[in-house]
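Inspection log for the structure reproduced underneath, given as structure tokens.
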Amino acid sequence: MIIDHLDEPLPGSSLRPTPPGVAYTDPEIFTQEQAEIFEKQWNCVLRADSLPQAGTWKTVTVGREEIIVVRTRKAGIAAYYNVCRHRGMRICTTGEGRSKTLKCGYHAWTYALEGELVAAPNLTSMPDVDQEAYGLRPVHVREWLGYVWVCLAEEPPNFDEAVLGEVRTSFGEVESIDNYGIENLACGETKTYDVQANWKLIIENFMECYHCATIHPELTEVIPEFADGLASQRKDGVVHGASFGDEITGFTVDGSSGVAEIPAIAPDQERKYYAITVRPQVFINTVPDHVIIHRMFPVSESRTIVVCDWLFLPEVVEKINAGTLDVSKSVELFHRVNEQDFEACEYTQPSMSSSAYTSGGALVPSEHHISEFHDWWYAALGWRAPEQVRDEQTTAAQA
């Protein structure tokens, strides 16, 4: 699948290096990624409408931490570390539930949905205990596109720059994605994929279409230009999306008509596919009648859980739930793309530990934009990219 690309290949050699194989296999590097990337960036964790009532909560894993996300009575959706402030037991020991308070099952320390400590055995005999200071440790929360985004950093990145900036790169302006009204769409289908591959391989796969003609026959039938191998998010410097084929009437597995079109999309968004990657773990794909959103949750250096939602107009989902409308052809197209992509990543993962891949691989010109992702990755870990080191060495030798 494709997400973004440079207007022109980077200058220089036709082939550019990838990180070495160890970057995809080393548990210590994965631990550093958890600490420096996933625990410091904004992560899209769940749909806001999955917490419909006050007291409804779910637990999610972000980096190495387990987080409670709960709809409060007073403050909307909040998020906390799933750690009791008394002796550290998990407060929520199942994946989801609904309760009036959040109560630890060990010593019954009890917290309001808004986080403060409200009860504990013999608490009245300890008047010096600051109930707010000993409340649950909070996590930064934002809602966008109908999803809950959390950041574990003490000082989170600016959401407008870190998240909405990715939208501007791919759509030209945030208002363009607003046309889809994603926050008002409803989920018609969700599929979860347990991918036995490093999370970076999945991102790299989504960022290029050099593989599309080889493994995506259904997708290239619907969007023929993908068969050329270019991630055509832009043309001549202008955001244009990827056009449906002349005989194609919908973004479906056989190119047949889909469902009711999202009414506010602009003329240049009709019969077009757009895609965005929001680093480090979200892919947003838009077509005229639905939106597909992927959320990645790295589990280890060689395993990643990917949750994919298909979002439609609420009236469409009402018909789906009533059994009067079949959207299986719309869902099947990207489901096949997902399975094809993830299989390719799983066949790639074992080779990352091969001696033949010790120094890494290569990016052809239509993949040169992946170097930008690699540069971001190196910078996030506080490392210098090998090309940067070589350029510095060359400059020093010439001085």
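The values are calculated or read from the model by the stated rules, or taken from the named source; none is laboratory data. Predicted model, so just to flag it, every value in this text is computed and none were measured. Quick reminder, even Gly has a Cβ in these numbers, built from the backbone with ideal geometry, and neighbours come from all protein chains shown.
Filtering region 127-185 down to residues that are touching a helix residue (DSSP H, G or I) at 6+ places or on another chain (Cβ under 6 Å) and free of Cβ contacts under 8 Å to residues at least 60 places away in the same chain, which residue is surrounded by the most Cβ atoms within 10 Å (Cβ to Cβ)?
Looking at residues that are touching a helix residue (DSSP H, G or I) at 6+ places or on another chain (Cβ under 6 Å) and free of Cβ contacts under 8 Å to residues at least 60 places away in the same chain, I get 164.
Given the options 189, 208, name the one that is acidic (Asp, Glu) and part of a strand (DSSP E or B).
Only one candidate qualifies: 189.
Specify which of the listed residues (327, 317, 282, 331) is under 21 Å from residue 60 (Cα atoms), in contact (Cβ under 8 Å) with a residue 40 or more places away in the chain and not assigned by TED's automatic domain parsing to the domain that holds residue 151.
282
Do we have any residue at all in region 109-117 that's part of a strand (DSSP E or B), surrounded by 14 or more Cβ atoms within 10 Å (Cβ to Cβ) and hydrophobic (A, V, I, L, M, F, W, C)?
yes
So, in region 63-95, how many residues would count as being of a type in the set (D, E, K, R), without any contact (Cβ under 8 Å) to a residue 40 or more places away in the chain and within 28 Å of residue 296 (Cβ to Cβ)?
3
Is one or more of the residues making up region 297-308 in contact with a Cys (Cβ under 9 Å, 6 or more places away or on another chain) and crowded, with 21+ Cβ neighbours inside 10 Å?
Looking through region 297-308, at least one residue is in contact with a Cys (Cβ under 9 Å, 6 or more places away or on another chain) and crowded, with 21+ Cβ neighbours inside 10 Å.
Yes or no: region 33-43 includes at least one residue that is over 17 Å from the mean Cα position of the chain (by Cα), crowded, with 16+ Cβ neighbours inside 10 Å and among the hydrophobic types (A, V, I, L, M, F, W, C).
no
Within region 47-89, track down each residue that is in contact with a helix residue (DSSP H, G or I) (Cβ under 9 Å, 6 or more places away or on another chain), buried (at least 18 other Cβ atoms within 10 Å of the Cβ) and more than 28 Å from residue 185 (Cα to Cα).
63
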